[in-house]
Amino acid sequence: MSLLVEAMFAKLPAQVFTVSRTDLPFRTTSSYETVAYMNRLLLALSLVVCCLTQSVVSQQRPTVTLRGRVVDARTGEPIAKVKTIANAAEQSTTTDDNGEFTFQNIPVGQVDLYITTVNYGLVKKTITLEAGQNEVFLIALNEDAAALTEHVTITPDPYETSETNSASEKTLNKRELQALSSVLLGDPVRAAQALPGATSNDDFRSEFAIRGAGFDRIGLYLDDVLTDSFVHTVQGGFPDTGADNRGSYLFAARKSYVGYLVRRINDTNQFTNNPPVLGFADVQAKALYDLLKRNQVGVSVIYGAFNYDRNRDRNLLGVNNVFRGDSRNLLLNGYWSFTKDPRLLWQTRVFGLRTTFKNINGAETTLDDGKRTQFGVRSDVNFQPSGSHRIEAGIYIRSLRVDTFSRRFDFFARKLDVNGFNRRGAEQAYYAQETWSNERTGLSLTGGVRLEHSGTTGETLLSPRTSFSWAISDKWRIRAAAGRYYQFPDFEQMFGRLGNPGLRAERSTHYNASIERLFGDRIRLLAEVYDRKDASLFFSLFEPRLVGNSVTFAEFPFRNALRGKARGVELNLQRRSANKLAGWISYAYSRTQLTDAQTGLSFVSDTDQRHTVNVYGSYRFTDTWNLSGAWRYGSGQPVPGFFRQVGSGFFLSSKRNLARLPDYSRADLRLSKAFLFRKWKLTVTGEVINALNRNNVRYAGFDGFGFDGRVFGQLDRVLPILPSVGVVIEF
């Protein structure tokens, strides 16, 4: 209180008062500084008394004990080691193993709680406390930043599927997606490379393969829009030798410096097979607004840029090798959703997508230059007429246009051909399916059909699909699914250099069966077997090869020439939890075989990988520290083309996909530290990619070929050991 008095005195300036008394027998004038001092003293004492009174009143203000419980908004699992700050009382605490926290002596009235932990977003919840209140407040914490929900949807287990009729389904939650995207290569598509059964041995491509099927046969949906090469990779699909309370908003931008680091590492170590240099930048913006209670509108913009530099002496590269490449992607998306009641959801979106790309060779000559555009609309309805039936239906219409130019040279670096085309077309798809489920028996059946039409090929195709699920007990579940799938040819395959306007859709029939065993609430063992039969796959025999004892560079147009099969088994042991250890250990064994119906040529698929091991683990050991890591191993994939290996050298062969790359192995480590403040949060993440500095290589196209079939060039080294640091600030 003495400090308070001194402060009050300091705010009262010294004064001199002059008092005149005319009623005295004689006139006198004097300075009463003593009076001024007394006035200041009385004022200070009054303020002190006022403060003491307020303190007493405050002490008499009722207080209560505030109790709460923090759970995961999706699963309802209690979350331990969550820091909670009560601003009204300037107190903070951490939840126990049951997700519970307690604050003592909190004054009644409004209290602002700030809740967060590492790997979860910082959220605010306002609570009004009343005298005598003994309620335990439930707080649902989302993985997304700045997202707080008042509702908790408790699923039967953390592995609940969406009950589609897909042959097999695997998902990543927000924390897994973020941890596996990496700091330097932060691409969500790359996170899918660590999924059980996924294969990818090229650090410079976001692409991945599933069960021996390459990325060109995988549909990648972004914000429910079917995209075309919307990833951080060189364009072409072939080796580098070719080419208020009602609303919310989000804005994010980033730029990768992995290219700078790779270049510095190359210069320091003077590698003979330098890893390529790549860089990218992304910008994303989204906004949502609730027009009415049941109507919501939104808009999103996503822009990405990718640059690639082969980082090799250009004089060593073949004339058809890509020396530098770049691509740009822009996605505009507007959507409207209507929720009549819990039984009916209807969502419609309109979208536009533009992709531009350009590849040049070492002589600065353009090899590929073009743009791809699509506009469309998608509308989906989900209706549940009763507790045991759910009906889904939708329509997807898009208009496609490709304007491209390409140039190729022959073996003697003479211009072989120049090709360009400007084509447009439209595709339509309609689907309907019904799911019947019975909670008492644990049975679930889904059946549906998809009708597709291509204006370019003139085909109308019907593909039936069905799935079956039976929860034998609360620990055992079996599933089975079968379906027919079609894929229309790309414009490049129909009208490009080796195009064939007569191409038709390729076909795949997929069968899948799995059995799942739960251990406790958070651990499962899943075993799957699958069989896929392929027909009418697109194939062009254009690669250099031996015919008899002669080398030929003859090229043939694309045909619906390949038929084949893929079979395998996948094992996955997984623990998914908001607390302590989470992750998986998976093993996949796969066999593929393709045959050219015209020539009888037989070979494994370009992405055939017999053995695949994917391991991921994450452990949050305090409210501010989290350690995670991933290890991917794959037996060597084929070197696509007609090659045989002799020692460390390669020669042309008459058999395709005979030679294989060395085994791939990469371990990544990631450590995150969160700094928690009253109203904001800072998270620092340190990461090491390829922590063991494994010398992995990839096939990016050889530099040239001799008349004796000898191959010039070498396999490219991919990422060396790369440390990085990232910072995220949340308010």
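Each value in this text was obtained by applying a stated rule to the coordinates, not by laboratory testing. Since the model is a prediction, treat every value here as computed from it, not as a measurement. Neighbour counts are summed over all protein chains in view; Cβ atoms, including those assigned to glycine, are modelled from backbone coordinates with ideal geometry.
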Practice problem: Step through the table entries Lys83/Lys679; Lys83/Lys174; Lys125/Lys673; Lys83/Lys580, compare each Cα-Cα distance with 18 Å, and write down the pairs that go over it. | Solution: Lys83/Lys174; Lys125/Lys673
Exercise. Estimate the FRET efficiency between Tyr303 and Thr348 by the formula 1/(1 + (r/R0)^6), using the beta-carbon distance for r and 30 Å for R0, to the nearest 0.05.
Key: 0.80
Quiz item: Which pairs, out of Lys124/Lys293; Lys81/Lys124; Lys81/Lys681, put more than 19 Å between their alpha-carbon atoms?
Solution: Lys124/Lys293
Quiz prompt | Candidate lysines - alpha carbon under 25 Å from Lys533, same-chain residues fewer than 8 apart omitted | solution = Lys170, Lys565, Lys655
Quiz item: Can you give the FRET efficiency for Arg401 and His453, using 1/(1 + (r/R0)^6), R0 = 22 Å, r = Cβ-Cβ distance, to the nearest 0.05?
Solution: 0.80
Exercise. Please identify which residues in the range 509-528 have an amide N closer than 20 Å to a label point set 7 Å out from the Cα of Ala480, following the Cα→Cβ vector.
Key: 509-517, 526-528
Self-check item: Under 16 Å from Lys255, Cα to Cα: aspartates and glutamates that are on another chain or at least 8 residues apart
Solution: Asp187, Asp282, Asp326
Quiz item: Which whole-number percentage describes the relative contact order of the range 63-149, with Cα contacts under 8 Å and a sequence gap of 6 or more?
Solution: 34
Quiz item: Using r as the Cβ-Cβ distance of Lys255 and Ile218, and R0 as 41 Å, what FRET efficiency do you calculate, to the nearest 0.05?
Solution: 0.90
Self-check item: Exposure proxy order (Cβ contacts within 10 Å, fewest to most) of Val277, Val70
Solution: Val277, Val70
Self-check item: Candidate lysines - alpha carbon under 18 Å from Lys358, same-chain residues fewer than 8 apart omitted
Solution: Lys371
